[in-house]
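Chemist: Mind having a look at this structure? Questions to follow.
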Amino acid sequence: MRATGVTATVAMILCMAAAARGDFGAPLSGVSSAEHDAFLNGQLAFATAETPAEGLGPVFNDVSCVACHMGPGSAVGGNTKRTEIRFGKSVNGVFDPLLALGGSLIQSQGIGHEGVLDTRQCASVSFAGEKVPAGANVQAQRRTTPLFGLGLVDATPDDTFKQLAADQAKKTPATAGIVNVIPRVETRQQNLVGRFGWKAQNATLHVFAGDAYLNEMGITNPTFPNENCPQGDCSRLSCLVAPEPNDDGDDVDAFNDFMTFLAPPPAGPPPHDSAGEQTFRRIGCADCHTPTLTTGPNASAALNGVTFHPYSDFLLHDMGPLGDGITQGDATGTLMRTAPLWGLRTQATLLHDGRATTVTDAIEAHAGQAAAARAAFDGLTAVQRAKLLEFLGSL
């Protein structure tokens with residue numbers, strides 16, 4: 001799939017400007033010339049608006065990646081205030097994603113009759129956006145996640161996350177996280193540690209990219225070759241014009257390259273002193289929001305043994321009523337992946353559903369394994385709280 005000349009020019013200008021400023025949307029420091037070219041090519045695929053003739057739909061959430069991953073400002077790779085809907089049915093604690101009714105993700109738009117075969121059996125076929133079915137008793141909003149720095153997370157060994165979980169189980173068992181162990185999508189033979197998505201439901205950036213192409217734009221690809229059946233009805237899929245798979249893998253590879261070499265959020269203005277960070281650690285925030293990780297050996301110098309600061313352990317934690325009620329793999333309704341805090345200062349809405357508009361609101365909504373840290377936050381003096389918020393505002 002191809003970027004238009006205008007889209008390509010705009011994307012390149014934004015990238016070069018971001019790189020010059022060391023701002024959001026720049027490539028990783030130390031990328032090779034070939035990696036920089038791959039980053040730019042991926043950014044173009046990322047910014048391209050797809051059409052039904054190219055495979056968009058039949059149901060989808062938007063026409064391009066950048067439509068949901070824009071900001072802060074003009075940076076490519078962030079997020080917006082928009083949320084998507086997940087749904088399902090829970091009976092006696094057992095979650096049913098209602099796959100036969102299009103679950104669990106709502107694709108809110110449809111291609112209508114565009115991109116449909118003009119034959120007698122297809123003349124009346126038109127695709128509309130999906131709705132939450134009447135049988136669903138669980139419904140959750142999901143906020144788009146920023147993509148900055150995810151190549152570093154992808155390059156962190158599985159054993160790092162397993163060790164984090166083991167250490168937490170020994171040192172802070174009340175708040176210990178668990179890994180979401182996922183079969184490798186491409187082979188189904190090797191289990192990997194999930195780290196991407198609100199439920200850590202994707203283990204690699206490449207799978208994350210392929211999943212997004214299918215579930216957000218309806219574009220099938222070698223990793224995810226089967227169309228989503230609108231509202232669970234597969235009978236009309238034979239009327240689609242675009243050949244299968246819609247993407248031969250090139251665009252998914254390009255999207256993966258863009259995310260792989262996308263730099264983490266730049267640090268904000270430093271706090272006046274270290275008191276806020278000390279409070280962050282003392283009251284238990286750092287037990288889950290792990291400040292520092294290091295990538296493993298990597299063929300790319302930009303990803304090889306790099307120490308970075310995501311402020312997340314990327315593990316699943318039981319958040320009690322703050323959970324979204326949705327089960328994905330081993331991540332049940334109350335289990336949520338620790339949200340990275342890097343770039344926090346730019347987020348207009350917080351938590352998985354965007355319910356919080358301030359950091360204080362987000363902390364006060366913490367529950368389950370995070371309840372003790374919330375209570376400790378409530379017990380801070382005004383000065384201590386101000387210092388902590390100043391520190392968080394620097395991330």
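Chemist: Using packing as a proxy for protection, rank 211-218, 67-74 so that the peptide with the highest average count of other Cβ atoms within 10 Å comes first.
Modeler: Ranked from most to least packed, the peptides come out as 211-218, 67-74.
Chemist: Select from the chain the helices, each a whole stretch of DSSP H, whose alpha-carbon atoms run 18 Å or more along the helix axis and whose Kyte-Doolittle mean is at least 1.0; answer none if there are none.
Modeler: 5-21
Chemist: Separate question: Taking K387 as the anchor, which aspartates and glutamates have their alpha carbon closer than 18 Å to its alpha carbon, excluding any fewer than eight residues away along the same chain?
Modeler: Candidates past the 8-residue exclusion: D273, E277, D361, E364, D378.
Chemist: So if I take the centroid of the Cα atoms in the range 195-263 and the same for the range 131-169, what is the distance between those two points in Å?
Modeler: Here the answer is 17 Å between Cα centres.
Chemist: Just grab the label-to-label distance for A174 and A367, each label 7 Å out from Cα along the Cβ direction, in nm (one decimal).
Modeler: Going from the A174 label point to the A367 one covers 1.9 nm.
Chemist: Something else about it: Using a Förster distance of 22 angstrom, determine the FRET efficiency expected from the C-beta separation of R345 and T294, and round it to 0.05.
Modeler: The computed FRET efficiency comes out at 0.40.
Chemist: Given a cut-off of 20 Å, name the pairs among K162/K199; K89/K199; K131/K199 whose C-alpha atoms lie farther apart than that in the structure shown.
Modeler: Values: K162/K199 16 Å; K89/K199 18 Å; K131/K199 23 Å.
K131/K199, as the Cα separations exceed 20 Å there.
Chemist: Of R86, R120, R142, R281, how do they rank once you tally other Cβ atoms within 10 Å and put the fewest first?
Modeler: Working: R86 26, R120 7, R142 20, R281 12.
With the fewest neighbours first, R86, R120, R142, R281 line up as R120, R281, R142, R86.
Chemist: In whole Å, how far is the Cα centre of the range 65-98 from that of the range 307-360?
Modeler: Distance between centres, Cα-based: 12 Å.
Chemist: Here's a follow-up. Between Q139 and L237, what FRET efficiency comes out of the Förster formula 1/(1 + (r/R0)^6) with R0 = 22 Å and r the beta carbon distance, rounded to 0.05? Provide the component values of the computation, followed by the final result.
Modeler: Values: r = 26 Å, r/R0 = 1.18.
Result of the calculation: an efficiency of 0.25.
Chemist: Percent of Cα-Cα pairs more than 25 Å apart in the range 74-188, please.
Modeler: 56
Chemist: Using the Cα atoms as the points, what is the convex hull volume per residue of the range 288-392 in Å³?
Modeler: In the range 288-392, the Cα convex hull volume per residue is 123 Å³.
Chemist: Still on this structure, please answer the following. Could I have the simple spin-label model distance between T381 and A275, label points 7 Å from Cα toward Cβ, reported in nm to one decimal?
Modeler: Placing both labels 7 Å along Cα→Cβ, they lie 0.8 nm apart.
Chemist: Follow-up question, since we're still on this one. Stokes-Einstein D for the range 200-337 at 20 °C, 1.002 mPa s, Kirkwood Rh over Cα pairs, in µm²/s?
Modeler: 115
Chemist: How far apart, in nanometres, would the label points at Q163 and S394 be if each is projected 7 angstrom from Cα along the Cα-to-Cβ direction?
Modeler: So the label points at Q163 and S394 sit 2.7 nm apart.
Chemist: For the range 116-182, what does the convex hull of the Cα positions come to per residue, in cubic angstrom?
Modeler: With only Cα atoms used, the range 116-182 gives 240 Å³ per residue.
Chemist: Work out how much length A123 to S29 would gain on full extension: take 0.36 nm times their residue separation and subtract the Cα-Cα distance, in nm to one decimal.
Modeler: Roughly 28.5 nm would be gained on extension.
Chemist: What does the convex hull of the alpha-carbon atoms of the chain project to on average, in nm²? Walk me through the numbers on the way to the answer.
Modeler: On the way: hull surface 80.1 nm².
If you wrap the Cα atoms of the chain in a convex hull and average its projections, you get 20.0 nm².
Chemist: Further question: Which of E130, E84 has the fewest other C-beta atoms within 10 Å, and how do the rest follow up to the most?
Modeler: E84, E130
Computed from the coordinates by the stated procedures, all read-outs in this text should not be read as laboratory data. Quantities reported herein were computed from a predicted structural model and do not represent experimental measurements. Glycine also receives a Cβ, built like all others from the backbone with ideal geometry; neighbour counts cover every protein chain displayed.
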